[in-house]
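Chemist: Quick one: the structure is below, questions incoming.
Taken together, the values in this text are just the output of simple stated rules run on the coordinates, not laboratory data. Treat the numbers as computed from the prediction; the structure is a model and nothing was measured. Glycine gets a Cβ as well: all are built from the backbone with ideal geometry, and neighbour counts include every protein chain shown.
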Amino acid sequence: MYTDVKYTSAEQTGLSAKLNGRVIGIPVASGNSDYDEILRQVAEENLVIAPYVEPEKGYEELRREAYPYIGDQLDMIYHAGEGGDEFQAAIQAVKDAHPKPEEEE
């Protein structure tokens, strides 16, 4: 018997379930024997499919989303005059090779 059945995405394209103590992934597709059996058990009211729950983001993902774009970070370092002479020279070489167009009036 299936237990702990839940959707694995907000799009409800897959399920996760325990069967004989093992967690298995099940595509939501008619003709799939696992999926068809789960639907049968749901119809008989012997089983409920839990809705998808977005996992909480850890600090790493939250930070990754919050940091400025890496190009902006490098620009901040360059304009602050930080990063060392080699960094400053490398950035200035790129700026010299590809100057910013002058603004049209």
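Chemist: Output the number of residues of the range 49-105 satisfying the condition of being in a helix (DSSP H, G or I) and either touching a Cys at 6+ places or on another chain (Cβ under 7 Å) or closer than 30 Å to SER16 by Cα (or both).
Modeler: Looking only at that region, the number is 7.
Chemist: Go through the range 29-48 residue by residue and tally those that are assigned to a loop (DSSP other than H, G, I, E, B) and surrounded by 12 or more Cβ atoms within 10 Å (Cβ to Cβ).
Modeler: 2
Chemist: Next up: Do we find a residue being surrounded by 14 or more Cβ atoms within 10 Å (Cβ to Cβ) and without any contact (Cβ under 8 Å) to a residue 60 or more places away in the chain anywhere in the range 55-69?
Modeler: no
Chemist: To continue, here is another question. So ALA17 fits all but one of (1) touching a Pro at 6+ places or on another chain (Cβ under 9 Å); (2) not in a loop (DSSP other than H, G, I, E, B); what number is the exception?
Modeler: For ALA17, the failing item is (1).
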